[in-house]
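> Before I ask anything, here is the structure I am working with.
Each value in this text was obtained by applying a stated rule to the coordinates, not by laboratory testing. The model shown is predicted, which means the values in this text are computed figures rather than measured ones. No Cβ is skipped: glycine too gets one built from the backbone with ideal geometry, and neighbour counts run over all protein chains shown.
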Amino acid sequence: MDIKSCYNILKISPESTDEEVAKAFRIMALKYHPDKNPDKREWANEQMIILNQAYSTIMSHRFKSNGSQDSSNSYEEKPTQNKRSDFASAKINKKADRDYLINKFVEVRETAKDAMYVYFQYSLYNFHRRDEIGNRKIYEKMIYTLRKAYHSIQKLSEMTDDKELLEHFDVFGKLIFDFYRASECVNIIDSYKDEYEVLAYRIYRKGDDYLHRAHKELFFDRHNRGYIDKKRIAPDILEAENCFKQTIKVYSKSTWTVESKIKLEYIQSLKAYVSLFFTK
């Protein structure tokens, strides 16, 4: 689904703010909700899938772009003269000092991990908690930090041909992006009238619970405990992966397939991250 089509589906312009995108999505979701179309439930489900895909595509595109339609949260890095010189010279030589790149990456990585910690600290994975006024601001700041980290890593990747460094940059950069996409999937079932959707949601929710335990261990619990318990992560990731795959296979026409696919991609990023950063 191309980005232009996504804006057309939500009937908004590319200049719309993130808040306006979310508002447009909510209005159309209410209009096409299966409960609002009891005589056309299958059609309504198809429309909801399209809406979910459009919203996800727009927000993902904005995360990866160099600027955002929200001036308060836009990522326009304003480097100091020293930073500007560092980036310029590195791009000219194409081979920046390895120690410099490692140190910059560690700095960016730790900042991103601090933002992920906040996600669990304030229970921002909970739809109702996130919607609270204070928490909404915290969530927006978290996304801004992750977005800034993502683009910083992209810049670091342009400074080297070192395969080992590029692998670390690519894996962690993709993790940040997929963490963000998964964090946007906080929908909860709001009706139990459609048995098909209810059954799909139950499997999806089971997978989501397993996934929650796994990445909470990685980005929150282990920091509080002082060490990582890898035995807790692998089984939960596997169970989550199986549940999301089952949702897509058994309930392919369900609205929960969109979130399941996004979280499956996030699981692949988690697996790559654990394998690269936690395997001696």
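> Taking the Cα-to-Cβ direction at residue 117 and at residue 39 and moving 7 Å from each Cα, how far apart do the two end points lie in nm?
5.7 nm
> Of 23/104; 23/231; 40/64; 4/31; 36/216; 163/249, which pairs sit farther than 30 Å apart, going by alpha carbon to alpha carbon?
23/104; 23/231; 40/64; 36/216; 163/249
> Would you kindly state the longest site-free stretch of the chain, with sites defined as chymotrypsin sites (Phe, Trp or Tyr not before Pro) in a DSSP loop (not H, G, I, E, B) surrounded by at most 13 other Cβ atoms within 10 Å?
1-191
> When P(r) over Cα pairs in 5 Å bins from 0, in percent is calculated directly from the model, which label among (1) 1, 5, 9, 12, 13, 12, 10, 8, 7, 6, 5, 3, 2, 2, 2, 1, 1, 1, 1, 0, 0, 0; (2) 1, 5, 11, 15, 17, 16, 14, 10, 6, 3, 1, 1, 0; (3) 1, 6, 13, 18, 20, 19, 14, 7, 2, 1, 0 fits?
(2)
> So what's Rg/Rh here for segment 1-76, counting alpha carbon atoms and using the Kirkwood radius for Rh?
Over the Cα atoms of segment 1-76, Rg/Rh equals 1.04.
> Mind giving me the nanometre distance, one decimal, between the label points for residue 167 and residue 22, set 7 Å out from Cα along Cα→Cβ?
3.9 nm
> Obtain the nm distance between the two label points defined at residue 252 and residue 199 by a simple spin-label model: each point lies 7 Å from its Cα along the Cα-to-C-beta direction.
For residue 252 paired with residue 199, the spin-label model returns 1.6 nm.
> Let me ask something else. Can you tell me how much longer the chain between residue 212 and residue 242 gets when fully stretched, taken as 0.36 nm per residue apart minus their C-alpha distance, in nm with one decimal?
Result for the pair: 9.4 nm of gain on full extension.
> Restricting attention to segment 104-211, which trypsin sites (Lys or Arg not before Pro) occupy a DSSP loop and are surrounded by at most 13 other Cβ atoms within 10 Å?
Loop-located and lightly packed - 193.
> Right, another one. Which GluC sites (Glu not before Pro) in segment 1-67 pass both tests, a DSSP loop state and at most 16 other beta-carbon atoms within 10 Å?
The qualifying sites are 15.
> Can you tell me the orientation of helix 163-183 relative to the chain, as the angle in degrees between its alpha-carbon axis and the longest Cα principal axis, to the nearest 10?
It works out to around 30 degrees.
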